[in-house]
Amino acid sequence: MNTKSQPRPVALVIHGGAGVIERDMLGAEDERAIHADLGKALDAGHAVLDRGGSALDAVEAAVRALEDSPRFNAGHGAVFDADGRHELDASVMEGHTRRAGAVAGVTSIRNPVSLARAVMEHSPHVLLVGAGAKDFADTRSDIEQVPNAYFDTPHRRRELEQAQARERADADAAENLKGKYFGTVGAVALDADGHIATATSTGGMTNKRWGRVGDTPLVGAGTWADERCGISGTGWGEFFIRCAVAHDIAARVAYRGDTLQAATDAVILGAVPDLGGDGGAIALDRDGNIVMSFNTSGMYRGWVRPDGTRGTAIFRE
Ligand code: ASP
């Protein structure tokens, strides 16, 4: 009898951010380009899984593709902070080893997800910030650095100008950020060894100040992976931190035996809006179940299920 187990089916889910995404805000051309870029990220991640590569390699490949697209708020196309610059956050986590790496407030790293992975694999730490993260990047010849203006795009500059005009007209506008973000990217993969990994990357929130860091680089808030499931979040980061979104979803699965769908919905449709926040999350478990839950009008997303069926979507279908 052949005792060698068959390779397990693989799966991948990605997001390009949740938020107020209305059909009439997006022209047909933008919509087509977003689907195409989500498709490229799925291709990049799934190619890794298809050839027997690790979930970690797959989520890094998918998130790098999304960071390189100007359409999402990560890498090229990241939002501007209040000083007209970009400060980027990213994280990775590998489920079966519980290793994690993250960076926050980096200004010159072309693909922050790869620096987060380098922190995990080549430093004794989990989270490096700002100047220290750059010093670490300077020791790594595999980490590409770019001028901060590399991240500029005209549509993000317009968003900053609009946010600052709103703030001048109404000081309270700076406080209410509901729906005023979107475009953070993330990926969760299940590989043929049954291992799960998660990666998340963002420019944060438009017009952010004072070295603000959101949920994305915080393990347990914007990113989580363990041996059962992986989660990547997108939304109003302050609320995702206060709800420990990603870990709460995983804990409901681990301790209560909730299905991944029930656990994700309880947090994204319950805990986060109950506190006043909004956003969404993608999640994937070791059986290949994929969940995409959001309490906003849209979430850019894409998936490849264990049976090979794949798709991309923006709005509620
Ligand atoms: N969660 C991100 C942050 O607060 C923003 C987003 O998801 O678009 O930094």
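The values are calculated or read from the model by the stated rules, or taken from the named source; none is laboratory data. A quick note: this is a predicted structure, and the numbers were derived from the prediction, not measured. In this analysis, Cβ positions are derived from the backbone assuming ideal geometry, glycine residues included, and neighbour counts consider all displayed protein chains.
Please determine whether any residue of the range 55-70 is buried (at least 24 other Cβ atoms within 10 Å of the Cβ), at pLDDT 95 or above and touching a His at 6+ places or on another chain (Cβ under 6 Å). Yes, some residue in the range 55-70 is buried (at least 24 other Cβ atoms within 10 Å of the Cβ), at pLDDT 95 or above and touching a His at 6+ places or on another chain (Cβ under 6 Å). In a residue-by-residue description of the range 294-311, the property of being closer than 23 Å to ARG23 by Cβ, crowded, with 20+ Cβ neighbours inside 10 Å and basic (Lys, Arg) applies to at least one position. Could you list all residues from the range 87-115 that are part of a strand (DSSP E or B), within 14 Å of the ligand (Cβ to nearest atom) and either charged (D, E, K, R) or in contact with a Leu (Cβ under 6 Å, 6 or more places away or on another chain) (or both)? Residues satisfying the conditions are ASP89, ALA102, VAL103, VAL106. Taking the range 172-191 as the range and being surrounded by fewer than 18 Cβ atoms within 10 Å (Cβ to Cβ) and either hydrophobic (A, V, I, L, M, F, W, C) or at pLDDT 95 or above (or both) as the test, the residues that pass are ALA173, ALA174. Restricting attention to the range 243-299 and to residues that are out of contact with any Leu (no Cβ under 8 Å at 6 or more places or on another chain) and basic (Lys, Arg), the residue that is farthest from ILE14 (Cα to Cα) turns out to be ARG256.
Within the range 195-209, the set of residues being part of a loop (DSSP other than H, G, I, E, B) and hydroxyl-bearing (Ser, Thr, Tyr) comprises THR206 only.
Filtering the range 252-283 down to residues that are without any contact (Cβ under 8 Å) to a residue 24 or more places away in the chain and outside any helix (DSSP H, G or I), which residue is farthest from the ligand (Cβ to nearest atom)? My answer is GLY257. Residue pairs whose Cβ atoms lie under 6 Å apart, separated by 6 or more positions or on different chains, with the first residue in the range 150-171 and within 19 Å of VAL20 (Cβ to Cβ) and modelled with pLDDT under 90 and the second among the hydrophobic types (A, V, I, L, M, F, W, C) and surrounded by 14 or more Cβ atoms within 10 Å (Cβ to Cβ), are ARG166/ALA173; GLU167/ALA173; GLU167/ALA174.
Scanning the range 234-260 for residues that are within 20 Å of ARG98 (Cα to Cα) and touching an Asp or Glu at 6+ places or on another chain (Cβ under 6 Å) yields ILE241, ALA250, ARG252, LEU260. Within the range 116-136, the residues that satisfy the criterion of being assigned to a helix (DSSP H, G or I) and either on the phi > 0 side of the Ramachandran plot or surrounded by fewer than 18 Cβ atoms within 10 Å (Cβ to Cβ) (or both) are GLU121, HIS122, GLY130, ALA131, GLY132, ASP135. Count of the range 214-235 residues, restricted to those that are within 13 Å of the ligand (Cβ to nearest atom) and closer than 13 Å to ALA116 by Cβ, is 6.
Within the range 236-251, is even one residue more than 16 Å from the ligand (Cβ to nearest atom), surrounded by fewer than 18 Cβ atoms within 10 Å (Cβ to Cβ) and of a type outside the set (Val, Ile, Thr)? Yes, that holds for at least one residue.
Across the range 46-56, not a single residue is classified as touching an Asp or Glu at 6+ places or on another chain (Cβ under 9 Å) and under 14 Å from ASN111 (Cβ atoms). Close Cβ contacts (under 8 Å, 6 or more residues apart or on different chains) running from residues in the range 193-221 that are free of Cβ contacts under 8 Å to residues at least 60 places away in the same chain and on the phi > 0 side of the Ramachandran plot to residues that are more than 8 Å from the ligand (Cβ to nearest atom) and assigned to a loop (DSSP other than H, G, I, E, B) comprise GLY220/ALA244.
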